[in-house]
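S.K.: Pasting a structure below so you can have a look.
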Amino acid sequence: MPQLRVANSNEALAFASTKTLEGITPADILSLKLQANLVTIQGFVAQVDRGDRDSFALPQAFLAAGVPMVIAATGDGDDLAAQKLMVELYQRLKADKALSPAQALRQAMLQVRKQHPEAKDWAGFAVMGQ
């Protein structure tokens, strides 16, 4: 099982690759001391649908651990488009503090859609929580 480390719980918890996430369970997430307002998960959620775990188990674990909102990938899409979407999302959140994460996600989706018109590349994200 991979080691979970929080470099700075006020800023980010990041994993380098899908392989790093193999074996991560909701219990692992619940054991973290998180003080985040938002967690974004992309690139692996659709791939954790094995055995008794469903694709929303990890996002639900973050919510149960006290994170008020999670934005998670719900399917496979183009990695480059997903990366652009995350960059757009965080740029919008940084630029406009009054914007909710859900509003920023919608605006980011509309922007990425211009370069990646296939919905599978930008529409496969869900907002969970507040």
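S.K.: Tell me yes or no: at least one residue of segment 19-40 is within 22 Å of Met109 (Cβ to Cβ) and at pLDDT below 85.
M.R.: No, the conditions are met nowhere in segment 19-40.
S.K.: Taking segment 60-102, which residues are in a helix (DSSP H, G or I), of a type in the set (S, T, N, Q) and under 14 Å from Gly129 (Cα atoms)?
M.R.: Listed by number, the list holds a single entry, Gln60.
S.K.: Next question. Within segment 53-68, is even one residue closer than 29 Å to Leu99 by Cβ, modelled with pLDDT of 50 or more, of a type outside the set (A, V, I, L, M) and in contact with a Gly (Cβ under 7 Å, 6 or more places away or on another chain)?
M.R.: So far as segment 53-68 goes, yes, one or more of its residues are closer than 29 Å to Leu99 by Cβ, modelled with pLDDT of 50 or more, of a type outside the set (A, V, I, L, M) and in contact with a Gly (Cβ under 7 Å, 6 or more places away or on another chain).
S.K.: Within segment 78-127, how many residues are of a type in the set (Phe, Trp, Tyr) and crowded, with 19+ Cβ neighbours inside 10 Å?
M.R.: Total meeting the criteria: 2.
S.K.: Just one of (1) over 28 Å from Asp28 (Cβ atoms); (2) at pLDDT below 90 trips up Asp76, so point out which.
M.R.: (1)
The values are calculated or read from the model by the stated rules, or taken from the named source; none is laboratory data. Quantities reported herein were computed from a predicted structural model and do not represent experimental measurements. Positions of Cβ are generated from backbone atoms using ideal geometry, with glycine treated the same way; all protein chains shown enter the neighbour counts.
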